[in-house]
Amino acid sequence: MLPDAPDAAPEEPADAPAAPAGAAPPPAADRRRPGPLSLAVRGVVAVVVVAAGAAGAWALVATMPVIDLAPVEAVATPVIVFDPSPQPVARPWSGYGTAEALTAADVPARVTATVASLGEGVRDGAAVGAGQTLVTLERADFEDEVTRLESLAADADAQLRELDSREARLDEQAGLLEEDLDLQTRELERVSRLEGRSVATGQDVDRARSQVLAARSALSAMRQSRESIPTRREALTATAAALEAQLRVARRNLGRTTIKSPIRGYLQSLDVEAGEAVSPGQRVARVVDPAVVEVPLKLPAGARRGVRVGDPVELRSSWDLREREGGAPAEGENPAWTGKILRINPTDDAQTRTLTVYVVLDQADTPAAERLAPGLFVAGTVTAGEPTPRVVVPRRSLRRGRVQLVGPDAEGRPRVRSVPVSVDFHLRARLPGTGLPDDQWAVLDAPLPAGERVVLTANASLLDGQAVDPRDAAARGER
């Protein structure tokens, strides 16, 4: 490696006087050091800046306002408080369900046919009466089937009547043959006696015996024909009964070509059109009667120990945003309906851990515009049991499971302290007895200490033992 090159000497100014020949150059350190005058100027500037800063600081301190400070013990923070006296409340249980019309009918087709026409004025949403024609199917094939079976049934009836007549004739003929057999038998006996007297020959006896045998054979054949009559009658009777049954079915099928509404109500949907083929079991329309609505309401499984048949239930269509944020709904924005529990499912749903109660709402006297519509998803609140006095505090008074109480200290001065509380359940309701506008409450398991009041809105800046100036919320109309 080559040795490092020495630092290049700074270039001399172009107009600098040339150094005398043979004179040595001045040292580099002498060329970079400031002169005495430069050092003096810098020192003076620094002194002036420090003096100006000190003067400004002294001016600020001199003009600062003087504040009179009071001892911490003498300062009382104003707070809004209320008296937590017991209020009559009942345990609410909330759940959800879908309203269903208690009286509803899915109207099916019961024969295979083609839709010939729709009933007059039959449209979705139309009011229909019980027995009103909804759909008419083509009838020709069913009419022909009825005619065919009527003919077969008439033929079977004719055969039965002819069989009765033949039975009577056979009975009459059998009677004649019995008389003839009796005559022939007596004739054989007479000829046999004559033969013994040698008046008649053996040929005469054989001839008489032959006639007796012929009479017996004719009578036996006649009786055999007579005995077959009951069996033939039973067969014809069974055939006639079968034809009669087929005829009844055919007539019912003919009647089923006219599909009628089984109930009075409103046509929720009409599922077919003219010219469309339908088959047995296919739904052609649905009719509902919204006069009585039932809501299968799913509640928490723990509600079983409290709810009873007959408990009132408040139903709402939905909760608006202000309710979800803890506010009350505006009047008229969220209608409510009141019903009662009609029955309770004896089993719980293991997957959802819910109990189903069935709420019935009678709307027969309610205007149509104010009714709870079937199919609407609703929220329901069940008021279980009778109201009992309980200690309640607004939910805004709670902070981390504690409430702040205001009571006198040993010297009688109001001071704040926080205590833990156990909440039994939360309540959404107006409680006029408290004098507060809140509708969100916490119902406590145990009463609070007597003689102390609760800070209306929990405040993290209030410390235990701090002196406060309590001001009654009800008297101030606090909101």
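The values are calculated or read from the model by the stated rules, or taken from the named source; none is laboratory data. Treat the numbers as computed from the prediction; the structure is a model and nothing was measured. Using ideal geometry, Cβ is built from the backbone for each residue, glycine included, and neighbour counts are taken over all protein chains shown. Each accessible area value is taken on the protein alone, full model and side chains, heavy atoms only, with ligands, DNA and RNA left out. Shrake-Rupley method; radii C 1.70, N 1.55, O 1.52, S 1.80 Å.
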Using a 1.4 angstrom probe, figure out how much accessible area the chain has per residue, in square angstrom, rounded to the nearest whole.
-> 63
Estimated 222 nm signal from helices in the chain, with DSSP H stretches of n ≥ 4 weighted -39500 (n - 2.57), rounded to 500 = -11500 deg cm²/dmol
Degrees between helix 140-196 axis and first principal axis of the chain (Cα, 0 to 90, nearest 10) | 30
Mind checking segment 237-321 for GluC sites (Glu not before Pro) that DSSP puts in a loop (not H, G, I, E or B) and that have at most 11 other Cβ atoms within 10 Å?
-> Glu273
FRET efficiency, 1/(1 + (r/R0)^6) with R0 51 Å, evaluated for Thr239 and Phe377 via beta carbons = 0.30
In whole percent, what relative contact order does the chain give with Cα contacts below 8 Å and a gap of six or more residues?
-> 24
What's the angle, to the nearest 10 degrees (0 to 90), between helix 36-63's Cα axis and the longest principal axis of the chain?
-> 60
State, as an integer percentage, the relative contact order of segment 128-279 based on alpha-carbon contacts under 8 Å between residues 6 or more apart.
-> 54
Quick one, what does Rg over Rh come out to for segment 200-312 if you take C-alpha atoms and the Kirkwood Rh?
-> 1.58
Might you report the magnitude of the Cβ-based charge dipole of the chain about its Cα centre, with Lys and Arg at +1 and Asp and Glu at -1, to the nearest 20 debye?
-> 1260
With 0.36 nm assigned to each residue of separation and the Cα-Cα distance removed, Arg251 to Ser94 gains 51.2 nm
C-alpha long axis of helix 202-255 to longest principal axis of the chain, angle in ° = 20
Just add up the charged neighbours of Thr356: K/R +1, D/E -1, any other residue whose Cβ is under 9 Å from the Cβ of Thr356.
-> -1
Show me 148-157, 263-272, 125-134 ranked by packing, highest mean number of other Cβ atoms within 10 Å first.
-> 263-272, 148-157, 125-134
Given a 1.4 Å probe and every protein chain left where it sits, what share in percent of the accessible area of segment 422-479 is carbon and sulfur?
-> 49
